[in-house]
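Peer 1: Please find one structure pasted underneath; my questions will follow.
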Amino acid sequence: MGRVSRVLFVCSAALLAGCSFSEPPEFRSNTEGFEPDEITPAQREEIAFPLKKLFGTPDEPAVPDGVGLDLALLQMAAGPIRSDIEGNPSGVYRQHCVACHGISGDGTGPCAEMLNPYPRDFRRGVFKYTSTYASSATQGKPVWEDLDRILRRGMPGTSMPSFETLSDREIGALIEYVKYLSVRGQTEAQLVDYVVRAGQRRLEMDLVLDEVDFFAGHWTRAAKSLVDPAEAERHAPAIDTAEQLAASIDRGYELYLSENARCYTCHGPNGEGDGEQAGLSADGEPSVLYDDWNKAKKGATPEETRKRAARFRLPIQPLRPRDFTTATFRGGGEPIDIYWRIHVGIQGTPMPASGTAGTTPGVLAPEQIWDVVNYVRSRARW
Amino acid sequence: MKRRLSRRRFVARTAVAAGAVAAGLHLPAMVSAAAEGWGDLTGRFLYDGTPPERRKLTVDKDIECCGKFDIRDESLMVGPDGGLANVFVYVRSRGVEICPELEASVEKDVLLDNRDCIFIPHCMTIWYEKQQYYVVNSDPVAQNVAFTPLGDVPVNKIIPVGGEFRHQFGRKQTLPVKVACNYHPWESAYVLPLDHPYAAVSAADGTFTIPKLPAGDLEFQVWHEKIGYLDTPQWTGGRFEMTIQPGTNDLGTVKIDPAWLVES
């Protein structure tokens, strides 16, 4: 070998030796809420095995039969960040989402601890800003448009940015991957329940498949619980004059203060998010609200909360009722967005549903909800 | 959407067929409780010590209405004679045969009342396929009922004054579900949806009865909100086994050491 080529050979060998290819990422087991020693390695393996078989890995996703997810889209979202010779991207989830939402969609990516609110943990299968109400057939799963809306607009008042600049196909891939992480996550939570809480030693694959089918079915049927925007808009009062708007706002405020809706109890007497539920309680302690992800960290006493919260990755984070004067609405500030928040509530939070859910009447009729929408929007202080 | 016949159901159907063949061949058949009878399980939980005074809860919402009640923590209710209330006892064995009399006589509604600014009863069980959770507001203020059973539809409903609603649970739960009120944060209750009626919550005097269990070996689970599974030296993980005979089966008085109800 010539001298130059020998030098090159040695240099490249040295470089390659230092260039250790890292292990492909694995999904993190969902053992939050448990003490580390509460779950044995055998139990972890019992849970992880069927999940890996059915759902694959972050690099190589799989779709169980009958789940109705598009594998091609999942493959586009999954895996390392790369693109083909024509520039078609892959690894889109890793490129755009992992920093906050984490490789497992558990909302504990590296940036998460700095953020308020925390990024969504998809594994609970709960989505806050939906146009669908919670029914047993759908369990309030969002429709495709709800996720598309969030991705395209982002969430004002949070660190969730807009991904409008991505192609339609990339956005479609991300929506599909979020659904995948959610179905996988809810399945895993059930398996943890069977193995760790109920003490089952073996998980039959049919049991796992039943659970997968169960959770996937909600997504498939999500549109059944849709609060159709066109239908809702038909009930909006005519607002052609300033007087009509003022009258609607007045009606809305009356409903806001009414005993059946009780909006003021959290959102305050003037919509500033300072209701008694969110302020100081009679004994001077801050009266705090939590979303479901953080409620799991809460105990009956501060000592208990400390112990419980230590079993989770991120510290407990309280939830504030929206201050309408900021005119910043996480689910969007269009009238229909606010209509949906009132009608179906915000899943995973104390914000209840006030509108009709299928055949079950709500406390507010559609016309009344529009009046409240107008009141809420009227509170904006630019 | 057509479901493919799952392997589990295929196996189950084959087993029934095999059982029929076995019976015809006079081979040992699977235990049939209908042939052997039904038995009741009774017992009593005794708190073996002096319970701490029940903490007064912070009632700072709707004070005009709720402030007049002496609302105290319900997480450890011990009767004057030491009976430990609100202990859940339920059959853990899967696929238990259910007494046809129970099926016929089961109450369709299981009531959760919002009354005097608390939930009544504090603890209950529900046979989710046959019974509905019937939630009523008997208070002069609007109430809210919110709970999130694992893998089941979440509920967060406003109940106006004089209002009510019925809820059907969609699946059984491993642990009792905590029920809260978003308007009145001190309120709490527990409901355990199961796929059979063989469950009880101990009364104020600590006693409980589970009627018409299928005779045979059964495994029971015991749970209390203070500690979760009631792990004792005799009951690992809060579980005990019992051979139920037709007639009465008495677990007797079970003495609960106060230390067992404290998380270490």
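Nothing in this text is a laboratory measurement; each read-out follows from the coordinates by a stated rule. Just so you know, these numbers come straight off a predicted model, no measurement behind them. Don't worry about glycine lacking a Cβ; one is built from the backbone with ideal geometry, like all the others, and counts go over all protein chains shown.
Peer 1: Compute the distance in nm between two label points, each set 7 Å from the Cα along the Cα-to-Cβ direction, one at residue A:320 and one at residue B:65.
Peer 2: Inter-label distance under the simple model: 2.9 nm.
Peer 1: What residues qualify as long-range amide H neighbours of residue A:289, i.e. H under 5 Å apart, gap of 5 or more or another chain, H built at 1.01 Å from N?
Peer 2: Those lying under 5 Å, H to H, from residue A:289 are A:319.
Peer 1: Using the per-residue mean of other Cβ atoms lying within 10 Å as a proxy for protection, in what order, highest first, do the peptides B:208-216, A:47-55 fall?
Peer 2: Per-residue mean Cβ counts within 10 Å order the peptides as B:208-216, A:47-55.
Peer 1: Additional query: Please name whichever of A:264, A:363, A:189 sits farthest to the positive end of the charge dipole of the protein assembly as shown, dipole taken about the Cα centre and charges placed at Cβ: Lys and Arg +1, Asp and Glu -1.
Peer 2: A:189
Peer 1: Grab the eigenvalues of the alpha-carbon gyration tensor for chain A, scale each by 5, take roots, and send me the semi-axes largest first in whole angstrom.
Peer 2: Sorted largest first and rounded, they come to 42, 25, 22 Å.
Peer 1: Something else about it: Within 10 Å of each Cβ of A:37-50, how many other protein chain Cβ atoms are there on average?
Peer 2: Across the residues of A:37-50, the mean count of other-chain Cβ atoms within 10 Å is 0.
Peer 1: Over the C-alpha atoms of region A:36-225, what are the Rg and the largest Cα-to-Cα span, Dmax, in Å?
Peer 2: Spelled out, the Cα radius of gyration and Dmax of region A:36-225 are 16.7, 52 Å.
Peer 1: Mind listing the phi-derived Karplus ³J(HN,Hα) values for region A:132-140, rounded to whole Hz, using 6.51, -1.76 and 1.60 with θ = phi - 60°, and x for any glycine or proline?
Peer 2: My calculation for region A:132-140 gives 10, 8, 7, 10, 5, 6, 10, 6, x Hz in order.
Peer 1: Which of the GluC sites (Glu not before Pro) found in region A:130-183 are loop residues per DSSP with 10 or fewer other Cβ atoms within 10 Å of their Cβ?
Peer 2: Those satisfying the criteria are A:164.
Peer 1: Then there's this: Pick out, from B:39, B:93, B:159, the residue whose Cα sits farthest towards the positive end of the charge dipole of chain B, with +1 on the Cβ of Lys and Arg and -1 on the Cβ of Asp and Glu.
Peer 2: B:93
Peer 1: Calculate the dipole size of region B:7-261 relative to its Cα centre from +1 charges on Lys and Arg beta carbons and -1 charges on Asp and Glu beta carbons; express the result in debye to the nearest 20.
Peer 2: Using only the charged Cβ atoms, the result is roughly 920 debye.
Peer 1: Shifting gears a bit: Set the Förster radius R0 to 41 Å, insert the Cβ-Cβ distance between residue B:50 and residue A:40 as r into 1/(1 + (r/R0)^6), and round the FRET efficiency to 0.05.
Peer 2: Step by step, r from the Cβ atoms, then E = 0.65.
Peer 1: Once phi is turned into ³J(HN,Hα) by the Karplus curve 6.51 cos²θ - 1.76 cosθ + 1.60 with θ = phi - 60°, what whole-Hz value does each residue of region A:341-355 show in order, with x for glycine and proline?
Peer 2: Values per residue, Gly and Pro as x: 4, 6, 5, 9, x, 10, 4, x, 9, x, 5, x, 8, 10, x Hz.
Peer 1: Show log10 I(q)/I(0) for region B:159-264 at q = 0.11, 0.19, 0.23, 0.24 Å⁻¹, two decimals, from a solvent-free Debye sum over equal Cα scatterers.
Peer 2: Here log10 of I(q) over I(0) equals -0.47, -1.20, -1.51, -1.57.
Peer 1: To the nearest 20 Debye, how big is the dipole of region A:250-369 about its Cα centre, given +1 on the beta carbon of each Lys and Arg and -1 on that of each Asp and Glu? Before the final figure, lay out the partial values.
Peer 2: Details: 14 positive and 16 negative charges, 166 e Å.
Dipole of region A:250-369, to the nearest 20 debye: 800 debye.
Peer 1: With the cut-off at 1.5 for a/c, could you classify the protein assembly as shown from its C-alpha gyration tensor as rounded, prolate or oblate? Numbers along the way, then the final one.
Peer 2: Numbers: a/c = 1.67, a/b = 1.12, b/c = 1.49.
Oblate, because a/c is 1.5 or more while a/b does not exceed b/c.
Peer 1: Then there's this: At what distance in nm do the modelled label points of residue B:219 and residue A:5 sit from each other, each positioned 7 Å from its Cα along Cα→Cβ?
Peer 2: The modelled label-to-label distance comes out at 7.0 nm.
Peer 1: Considering only DSSP states other than H, G, I, E and B, which trypsin sites (Lys or Arg not before Pro) in region B:72-151 qualify as loop sites with at most 16 other Cβ atoms within 10 Å?
Peer 2: Working: sites: B:72, B:92, B:94, B:108, B:115, B:130; in loops: B:92, B:94, B:108, B:130.
Those satisfying the criteria are B:94, B:108, B:130.
Peer 1: P(r) of chain B in 5 Å steps, Cα pairs, percent per bin?
Peer 2: 1, 5, 11, 14, 16, 15, 13, 10, 6, 4, 2, 1, 1, 0, 0
Peer 1: On average, how many beta carbons from a partner chain sit within 10 Å of the beta carbon of a residue in B:153-166?
Peer 2: That works out to 5 on average.
Peer 1: Between residue A:83 and residue A:223, what FRET efficiency comes out of the Förster formula 1/(1 + (r/R0)^6) with R0 = 25 Å and r the beta carbon distance, rounded to 0.05?
Peer 2: On the way: r = 33 Å, r/R0 = 1.34.
Using R0 = 25 Å, I get an efficiency of 0.15.
Peer 1: Quick check: pseudo-label points 7 Å beyond the Cα along Cα→Cβ at residue A:198 and residue A:99, how many nm apart are they?
Peer 2: 4.2 nm
Peer 1: Continuing with the same structure: Out of the DSSP beta bridges found with both residues in the protein assembly as shown, what percent are antiparallel (nearest 5)? Numbers along the way, then the final one.
Peer 2: On the way: 48 of 68 bridges.
Taking every DSSP beta bridge with both residues in the protein assembly as shown, the antiparallel ones total about 70 percent.
Peer 1: Same structure, new question: Once phi is turned into ³J(HN,Hα) by the Karplus curve 6.51 cos²θ - 1.76 cosθ + 1.60 with θ = phi - 60°, what whole-Hz value does each residue of region B:163-176 show in order, with x for glycine and proline?
Peer 2: Here the 3J(HN,Hα) series is x, 7, 7, 10, 10, 9, 5, x, 7, 7, 10, 6, 10, x Hz.
Peer 1: Could you work out the helix-only [θ] at 222 nm for chain B, with each DSSP H run of four or more residues adding -39,500 (n - 2.57) and the total divided by the number of residues, to the nearest 500 deg cm²/dmol?
Peer 2: Numbers: 4 runs with 32 residues, N = 264.
My calculation for chain B gives -3000 deg cm²/dmol from helical runs alone.
Peer 1: Shifting gears a bit: Just how large is the dipole of chain A about the Cα centre, in debye to the nearest 20, putting +1 at every Lys and Arg Cβ and -1 at every Asp and Glu Cβ?
Peer 2: 1000 debye
Peer 1: How crowded by other chains is A:348-359, given as the mean number of beta carbons from other chains within 10 Å of each beta carbon?
Peer 2: Rounded to a whole number, the mean comes out at 3.
Peer 1: Specify the inter-centroid distance of region A:193-251 and region A:294-343, based on alpha-carbon positions, in whole Å.
Peer 2: 19 Å
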